[in-house]
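Colleague: Below is a structure I'd like to ask you about.
Each value in this text was obtained by applying a stated rule to the coordinates, not by laboratory testing. No experiment lies behind these values; they were computed from the predicted model shown. Heads up, the Cβs are rebuilt from the backbone with ideal geometry, glycines too, and the neighbour counts pull from every protein chain shown.
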Amino acid sequence: MSDGRPDRTILFLSERSDLFGGGQRSLCDLAHGLGRRGLNPRVVVPGPGPMTDLLKNLGIAWTALPLPPIVSGAGLGSLLALLRLVGLARRENADLLHSDSPRTALYGGLAARILRRPHVWHLRASRPSSHLADRVLVALSDRIVSVSRAAAERSPAVRGFAGTRVVRTGLPDIPFLTRAEARAALDLPPQPFVCGVVGRVEEDKGRDEALAALFALRRVAPSALLVFLGPVDGESRWAQTAALRAAAAGAAGAVRLAGSRPDAPRLLRAFDLVLHPSRHEALPRAVIEAMLAGVPVVASAVGGIPEIVEPGVSGLLVPPGHADALGRAAARIASDPELGRRLAEAGAWRAREQFCVDRMIEGIAGVYDELLRPGRTPALQARGTVKEHPREARP
């Protein structure tokens with residue numbers, strides 16, 4: 001912080017206690033980095049879970065306070081939760097509230113108005129639940145930190161808010177396992193060409209496009225495997241039939257559902273290629289992790305992905321929902337190892353330079369400086385152009 005005060009308390013609000021997505025890991029990275037810079041981070045979560053285990057390992061204090069969904073928790077439950085949050089913020093002497101989702105932004109924004117404290121909404125999604133919801137949350141925010149320009153353009157309210165700042169997600173160093181170690185950990189054979197799909201196994205993440213791409217890939221790499229590394233509903237019809245569909249197409253045994261792994265980022269070097277065929281994204285952490293691991297990436301050109309991947313330089317981009325294009329791009333890399341090597345090297349360099357955790361922390365600390373410096377103005381409700389934070393260079 002610019003004035004060097006070591007006692008400023010930032011109260012982070014999360015609606016989850018697990019590590020459901022990259023947002024929860026990024027919140028932990030941010031709180032840890034700000035703590036090392038002399039601030040006093042405190043995290044509010046619904047209760048104990050994998051996220052609080054990580055916070056404890058990082059030396060970050062957390063408090064259990066469920067913030068119920070407004071629809072199901074309307075009325076007395078929501079009011080009591082808001083009052084408890086106000087009381088907690090007072091006891092912690094919070095200088096600023098930082099919300100990590102639309103639900104927490106509603107509670108955090110209301111609490112901040114009651115306390116006359118600044119409120120920051122961290123925007124991690126490229127699509128709003130509704131334009132009305134975005135208008136309400138913008139009205140309750142002094143600044144919006146958007147992880148990508150795509151997310152900052154997601155609605156007229158966010159796009160027109162003069163307090164919107166783009167600060168891209170940054171990642172700390174990851175102790176990747178070697179290719180051999182990672183393959184052993186995933187019980188994969190050492191030789192075949194292996195494609196990985198990292199993240200939740202669901203329709204919006206392009207699971208069907210990835211499966212269809214496998215068949216095109218196997219025309220040039222007949223023994224190629226497709227591994228889904230992430231949480232999957234084992235009771236779903238898709239999970240139960242994926243292997244059968246692969247077998248019916250002549251690819252028996254070629255599809256693996258590895259499930260959710262807490263060490264998933266460390267395992268990325270098991271793959272010769274990472275596919276990310278999502279249909280919408282703000283700024284996917286999994287793509288940055290793959291690039292840091294030195295693994296070439298083929299991804300959909302949606303949301304903030306083109307802000308990560310320079311097409312043809314640090315990865316390949318294809319139209320969203322286009323399984324044929326995804327398969328052709330995967331086959332191109334499998335049949336041209338030199339191309340894969342060039343994309344991987346350029347991707348690793350770009351990820352280290354543009355998406356390191358220190359850049360993210362510096363950018364968000366700069367946003368706090370705007371709000372906590374003496375004589376600051378209240379919430380910026382004027383319309384204006386979305387800004388890259390001055391400390392955050394455009395990739």
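Colleague: Tell me whether the stretch 179-354 comes out rounded, prolate or oblate; compute the Cα gyration tensor, take square roots of the eigenvalues as a ≥ b ≥ c, and use a/c under 1.5 as the rounded threshold. Provide the component values of the computation, followed by the final result.
Modeller: Details: a/c = 1.33, a/b = 1.29, b/c = 1.03.
Rounded.
Colleague: So what's the angle, to the nearest 10 degrees on a 0 to 90 scale, between helix 237-248 and the longest Cα principal axis of the chain?
Modeller: 20 degrees
Colleague: Sticking with this structure for a sec: Would you mind calculating the relative contact order of the chain from Cα pairs under 8 angstrom and at least 6 residues apart, reporting the percent as a whole number? List each step's numbers first, then the result.
Modeller: Details: 830 pairs, mean separation 66.9, N = 395.
Computed over the chain, the figure is 17 percent.
Colleague: Summing -39500 (n - 2.57) over the DSSP H runs of n ≥ 4 in the chain and dividing by its residue number, what mean residue ellipticity at 222 nm do you reach, to the nearest 500 deg cm²/dmol?
Modeller: -12000 deg cm²/dmol
Colleague: For the chain, build the charge dipole from Cβ charges (+1 Lys, Arg; -1 Asp, Glu) around the Cα centre, then report which of Leu58, Pro262, Ser146 sits farthest towards its positive end.
Modeller: Final value for the positive-end residue is Ser146.
Colleague: Using +1 on the beta carbon of Lys and Arg, -1 on that of Asp and Glu, and nothing else charged, what's the dipole of the stretch 235-357 about the Cα centre, debye to 20?
Modeller: Details: 14 positive and 12 negative charges, 58 e Å.
In total the dipole reaches around 280 debye.
Colleague: Taking amide hydrogens as modeled 1.01 Å from N in the peptide plane, which residues meet the under 5 Å criterion relative to Trp62, leaving out close sequence neighbours?
Modeller: Excluding prolines and chain starts, which carry no amide H, the hits are Val43.
Colleague: What order do you get for Asp187, Asp358 when you list them from fewest to most C-beta neighbours inside 10 Å? Could the numbers behind the result be given before it?
Modeller: Values: Asp187 8, Asp358 11.
Exposure proxy ranking, most exposed first: Asp187, Asp358.
Colleague: Also, I was wondering about something else. Quick one: if the Förster radius is 22 Å, what FRET efficiency do Arg113 and Asp369 give, using the C-beta to C-beta distance and rounding to 0.05?
Modeller: Details: r = 21 Å, r/R0 = 0.97.
Result of the calculation: an efficiency of 0.55.
Colleague: Relative contact order for the stretch 179-354: what is it in percent, counting Cα pairs under 8 Å that are at least 6 residues apart?
Modeller: That works out to 25 percent.
Colleague: Any chance you could give the angle, 0 to 90 degrees and rounded to 10, that helix 337-354 forms with the longest Cα principal axis of the chain?
Modeller: Relative to the chain, helix 337-354 is tipped by roughly 10 degrees.
Colleague: Dividing the Cα convex hull volume of the chain by residue count, how many Å³ per residue is that? Let's see the in-between values first.
Modeller: On the way: hull volume 52.8 nm³, N = 395.
Residue-normalised Cα hull volume stands at 134 Å³.
Colleague: Go through 8-20, 122-134 and give me the packing order, highest mean Cβ count within 10 Å leading.
Modeller: Numbers: 8-20: 21.0, 122-134: 17.8.
Averaged packing, sorted descending, gives the order 8-20, 122-134.
Colleague: Taking the number of other C-beta atoms within 10 Å as the exposure measure, put Leu80, Leu115 in order starting with the fewest. Before the final figure, lay out each step's value.
Modeller: On the way: Leu80 12, Leu115 15.
The order, fewest Cβ neighbours first, is Leu80, Leu115.
Colleague: Give the Rg/Rh ratio for the stretch 58-128, taking Rg as the radius of gyration of the Cα atoms and Rh as the Kirkwood radius, to two decimals.
Modeller: On the way: Rg = 12.4 Å, Rh = 12.8 Å.
Looking at the stretch 58-128, the ratio lands at 0.97.
Colleague: Under unit Cβ charges (Lys, Arg +1; Asp, Glu -1), what dipole magnitude, rounded to 20 debye, does the chain have relative to its Cα centre?
Modeller: Working: 52 positive and 39 negative charges, 150 e Å.
Roughly 720 debye, rounded to the nearest 20.
Colleague: Using +1 at the Cβ of each Lys and Arg and -1 at the Cβ of each Asp and Glu in the chain, identify which of Leu67, Ala210, Tyr107 lies farthest towards the dipole's positive end.
Modeller: Tyr107
Colleague: Ranking request for peptides 330-343, 197-210: highest mean number of other beta-carbon atoms within 10 Å first, then the rest in descending order. Working shown, then result.
Modeller: Values: 330-343: 17.4, 197-210: 20.9.
In descending order of packing, they fall as 197-210, 330-343.
Colleague: Cα axis of helix 76-91 to longest principal axis of the chain: angle in degrees, 0 to 90, nearest 10?
Modeller: On a 0 to 90 degree scale, this one is about 70.
Colleague: A further question follows. With each label point set 7 Å from Cα along the Cα-Cβ vector, what nm distance links Val86 and Ile70?
Modeller: Between Val86 and Ile70, the label points sit 1.7 nm apart.
Colleague: Does the stretch 212-280 classify as rounded, prolate or oblate by the C-alpha gyration tensor (a ≥ b ≥ c root eigenvalues; a/c under 1.5 gives rounded; else a/b over b/c gives prolate, otherwise oblate)?
Modeller: Details: a/c = 1.73, a/b = 1.17, b/c = 1.48.
Verdict is oblate for the stretch 212-280.
Colleague: Additional query: Neighbouring Cβ atoms within 10 Å as the yardstick, rank Arg373, Arg149, Arg116 fewest first. All intermediate terms of the calculation are to be shown ahead of the outcome.
Modeller: Values: Arg373 11, Arg149 19, Arg116 7.
Starting with the residue having the fewest Cβ neighbours, the order is Arg116, Arg373, Arg149.
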